[in-house]
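Worksheet: one structure, shown below.
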Amino acid sequence: MTPRALNFGAGPSTLPEEVLREAGEALLNFEDTGIGIAEISHRSKVFENYIRGVESDIRKLLKVPDSHVILFTQGGGCAQFSAVVLNMLALHHERYPALTSEQRTMDYVVTGSWSDKAAKEAKRLGGAELNVVVDSRKFSEQGKFDNIPSHKNDTYKFSENPVLIYYCANETVAGVEFAREEGRETSFPFHLLPENPPLVGDYSSSFMSHPIPRLADHAIIYAGAQKNLGPAGLTIVIVRKDCLVDVDKAARSGAIPVPMCTAYRTLADNHSLYNTPPVLSIYITGLVLKRMVCEFGDAAMESYAQFSTNKSNKVYHALDKGMQRGVFRRKVREGSGSQMNIVFDVVGDGKLDQFIAGAEARNMKGLRGHRSVGGVRVSLYNAVTESNVQALVDYMMDFVEANSNVNAIDSINT
């Protein structure tokens with residue numbers, strides 16, 4: 001049997017082997033029903049109980065307050081680019097029916113390709129003016145998404161009464177992330193927000209890897225499960241209850257009509273079972289959550305945050321060593337780098353392909369950077385073990401040793 005690869009891909013990501021084995025058994029027989037999990041009715045009592053348990057574990061681990069509901073849906077983060085806008089526009093129409101579209105504003109913090117796409121979708125849908133609060137490309141010498149702008153010096157320009165305020169906590173393509181500790185220059189500027197902000201956080205690639213700062217202050221938090229929790233197909237949305245709006249009533253007052261399957265109130269009223277949810281993805285996500293609870297208890301998020309820091313520190317240390325020897329080059333400004341997705345270049349013609357080929361020879365997969373930016377991307381999701389990371393770091397240092405002298409000679413010749 002082919003051994004399992006060390007999967008450093010950006011998603012769908014690696015999953016714990018014991019979870020996959022248990023899921024394999026459930027494909028034939030889910031909880032002694034004699035029916036496989038991929039065949040079971042989502043209306044069955046046994047699955048309804050299971051999905052409630054998944055919700056309970058998320059609420060417990062992230063300390064989600066009773067003021068928020070947890071929803072399970074499909075379509076990934078891209079579907080939420082649209083759903084967030086439509087639901088929050090409906091809410092704004094309900095609260096301020098007399099305003100025109102020109103008097104409504106949607107605030108977007110743009111720090112990478114995903115937040116950029118979210119902002120473009122908001123503009124495409126219309127219904128309000130788009131305000132780009134900050135665009136990190138304007139703070140880059142190369143005009144790239146290579147930094148998180150400091151919140152000092154009046155950088156962020158929030159609207160007074162926006163429909164929503166959107167940010168992406170971690171950008172998987174660019175490899176930038178808002179600092180997780182409040183008070184740092186590159187943390188999200190919660191202190192600059194207007195009163196009672198309609199805050200929307202895209203946590204797709206760091207969800208369930210650390211506590212979410214000021215979770216209770218968010219109107220909406222959403223995440224695809226395929227990074228730290230489960231297979232592709234499931235999107236988890238945490239919505240504050242006062243943002244569950246009657247979208248039909250809002251449409252009668254001029255809001256853009258919201259498709260029922262993307263209306264948060266519809267999902268909440270039907271306990272995420274308005275239509276058939278991604279049953280298999282929910283099941284595997286539940287197995288991962290149970291494993292987290294059994295291993296670390298209620299403090300799992302703090303434990304995984306430390307685990308994440310330990311892994312990323314090892315890779316960044318190896319990257320710094322490679323930079324000192326002229327083999328690697330950072331793609332992200334120091335202090336803005338992601339703990340989940342570490343990106344860098346390999347210096348020299350043909351050296352990137354050589355690095356990727358050498359990694360694959362050691363059974364390491366998924367290290368080539370996103371097609372839009374190239375280079376190397378190391379994704380360190382929860383199921384990537386410290387021994388996996390050590391194997392990668394050992395290879396990086398071997399590559400540095402084998403190529404540093406060559407790069408030094410090339411530098412002299414040029």
Where in the range 221-256 is the amide nitrogen less than 15 Å from a point lying 7 Å along the Cα-to-Cβ axis of Ser101?
251, 253-256
Within the set of other residues whose C-beta is less than 13 Å from the C-beta of Ile356, count the net charge using Lys and Arg as +1 and Asp and Glu as -1.
+2
Env charge @ Asp66, Cβ radius under 14 Å, K,R +1 / D,E -1, value +3
Cα-only radius of gyration and Dmax that characterise the range 207-272, units Å:
14.0, 41
So for R0 = 22 Å, FRET eff. of Asp353-Arg4 from the Cβ-Cβ r, to 0.05, ends up at 0.35
How much length, in nm to one decimal, is gained on full extension between Asn49 and Ala391, taken as 0.36 nm per residue of separation minus their Cα-Cα distance?
119.1 nm
Local charge sum around Glu102 (other residues, Cβ-Cβ under 14 Å, Lys/Arg +1, Asp/Glu -1)?
+1
Under the Kirkwood approximation for Rh and a Cα-based Rg, what ratio Rg/Rh is obtained for the chain?
0.99
In nm, what is the difference between 0.36 nm times the number of residues separating Phe296 and Glu17 and their Cα-Cα distance?
98.6 nm
Measure off 7 Å from each Cα along the Cα-to-Cβ vector at Lys138 and Asn310, then give the distance between these two points in nanometres to one decimal.
4.2
Extending each Cα 7 Å along its Cβ direction at His191 and Gln324, get the distance between those two points in nm, one decimal.
3.5
Once Lys117 and Asp398 are pulled to full extension, the length gained, defined as 0.36 nm per residue separation minus their Cα-Cα distance, is 97.4 nm
Exceeding the 32 Å Cα-Cα cut-off - candidates Lys60/Lys249; Lys60/Lys331; Lys144/Lys311; Lys138/Lys314
Lys60/Lys249; Lys60/Lys331
Taking R0 as 25 Å and r as the Cβ-Cβ distance between Asp248 and Leu273, the FRET efficiency 1/(1 + (r/R0)^6), rounded to the nearest 0.05, comes to 0.80
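A short reminder: the numbers here are calculations on the coordinates, not readings from a lab. Note that the coordinates shown come from a computational prediction; the quantities given were computed from them, not determined experimentally. FYI the Cβ positions are ideal-geometry reconstructions off the backbone, even for glycines, and counts take in every protein chain you see.
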